[in-house]
1. If the only charges are +1 at each Lys and Arg Cβ and -1 at each Asp and Glu Cβ, what is the size of the charge dipole of segment 50-98 around the Cα centre, to the nearest 20 debye?
2. Using the alpha carbons of segment 101-142, what is the convex hull volume per residue in cubic angstrom, as a whole number?
3. For a bin width of 5 Å, list the pair-distance distribution of segment 50-98 built from all Cα-Cα distances, rounded to whole %.
4. Based on the Cα coordinates of segment 63-142, what is the per residue volume of their convex hull in Å³?
Amino acid sequence: MANITRIKAKDDKASSKKETKKSDEPAEITRKVTVKAKNSENKKVRAKDRKEAKKLEKAEKKAARKAAREGKKPFILFRPFVAFGHYIRDSFREVRQVRWPDRKATWKLVFSVIVYVVVIAVFIMLLDMLFTYLFNLIYGGL
């Protein structure tokens, strides 16, 4: 068998601790502090500023277009068609804002509607049977 020798390395921290204990002097603790720039906050602030600038720019463009259009009014015969065009445009804008459900949510909604319809149908059938029985009692005696 091979002869194995263990070698222990000296630890500078351990030796300095022993020295400080022997000398009864308070150990000096140093802490390295690093200051990190908060780039994420700066980015958020910059993004917010950009969004606000875009909103202001859009509002200015919209106001300019509105001011340009106010001077012009369509001929009286074309006004219904213009109004219908505005209705279609606004409808498509509304549809774009809708949050459509995924497949799982859609099936849940479908099954809930089916259950609701069945419950209401059973309730109406029971009422119909009750009123039929009551009217047969009332009119059957005459």
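1. Values: 16 positive and 6 negative charges, 41 e Å.
Computed charge dipole of segment 50-98: roughly 200 debye.
2. Working: hull volume 1.4 nm³, N = 42.
That works out to 32 Å³ per residue.
3. 5, 17, 12, 20, 23, 14, 7, 2, 1
4. Expressed per residue, the convex hull around the Cα atoms of segment 63-142 is 209 Å³.
Read-outs throughout are calculated quantities, based only on the coordinates presented, and are distinct from any laboratory measurement. Please read all numbers here as calculations on a predicted model, not as lab measurements. Every residue, glycine as well, gets a Cβ built from its backbone with ideal geometry; the counts of neighbours run over all protein chains shown.
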